[in-house]
Amino acid sequence: MDSSRRVNRFVKKGCVAVVLVGLFLASPDFISADEEGELQTLMADVQELRKEQSAIKQDLLEIKRLLDEISAEENDSIKVETAKKLPDKPLLPITMDISSSPFLGKEDAPVVLIEFTDYQCPFCRRHFEQTYPRLVKEFVETGKLKIVLKEFPIQKLHPVAPRVAMAAQCAGGQGQYWAMHDLLFQNQRRTSIEDLEGLARSLSIDTVRFRQCLEQGEYAHQIRADFDLGVSAEVRGTPFFFIGPFNQEEPGQVTVEKYLYGAHSFDAFKRSIDSYLDTDNSQAAN
């Protein structure tokens, strides 16, 4: 892979520079220089080494980025292999229970979008950064869409994902699910209990209660129920979305008729959402 070759190149380059820095610091000839010309040379060498150290730092950051890229590609390959074992697409329509799930928007919004997410998934973060803000602005804030969140932590790919999902639910127990949702995607590498507690503190959450909730797994049953629902609905990776109309007779139940898998563009969501809104408008005109 191109990314792997680039990592090796940066590593070799960085190692050579580090050896030079070590030789410089270990040399007594530099340290004992007392003539003005030698001192100026020493200062020039120090300045050059600082520049090299700065370059090394940038190289290490690039290595980190490339490794993340490789990891994301490998995760995507695993998801594709998993998907091959499932039917070509979910067998729709499916009725889903959303009565105990956190939601964003008007409770009786005409269209419901159910998202199965993994807070450690790079593609979920991409959706959060690129598409989610427009969905909120153009559909949720205008009362047309309700977004329902289902936890789908894929532990085999992301070992700490269940803990992070628990953090979201524990924050939700104090009325801060969506605020924590945003922070978790904005700080995807902060996954220790102390890190999560710090995020909770920034939201003025009762951290003692939050930590107890986290350590005792108070919402384990909810996360398990969400995951099992996703498996039964043939969710094959994250993010995975189901879309359906609001059920006026049973608001806690949604019969989903469409789906999207992956970090799609805003336009892909807009087409599905508008199809229900156009139906509502045509029915109202009649």
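A few remarks follow.
- Taking every alpha-carbon pair under 8 Å whose residues sit at least 6 apart, the range 94-226 reaches a relative contact order of 26 percent.
- Surface calculation, 1.4 Å probe, protein heavy atoms: Arg126 sits at approximately 100 Å² accessible.
- Ranking Asp226, Asp278 by solvent-accessible area of protein heavy atoms (1.4 Å probe, all protein chains present), from largest to smallest, gives Asp278, Asp226.
- Normalised by residue number, the volume inside the convex hull of the Cα atoms of the range 213-284 is 135 Å³ per residue.
- Entries in Lys137/Lys270; Lys89/Lys137; Lys156/Lys258; Lys156/Lys270; Lys89/Lys270 that, when Cα-Cα distance is taken, lie over 22 Å: Lys89/Lys137; Lys156/Lys258; Lys156/Lys270
- Surface accessible to a 1.4 Å probe, per residue, for the residues of the range 109-242, Å²: 40 Å²
- Burial order of peptide ranges 129-138, 171-180 (average beta-carbon count within 10 Å, highest first): 171-180, 129-138
The values are calculated or read from the model by the stated rules, or taken from the named source; none is laboratory data. This is a predicted model, so every value here is computed, not measured. Counting neighbours? That spans all protein chains shown, and the Cβs are built from the backbone with ideal geometry, glycine included. Heads up: the accessible areas ignore ligands, DNA and RNA and are worked out on the full protein's heavy atoms, side chains in. Shrake-Rupley method; radii C 1.70, N 1.55, O 1.52, S 1.80 Å.
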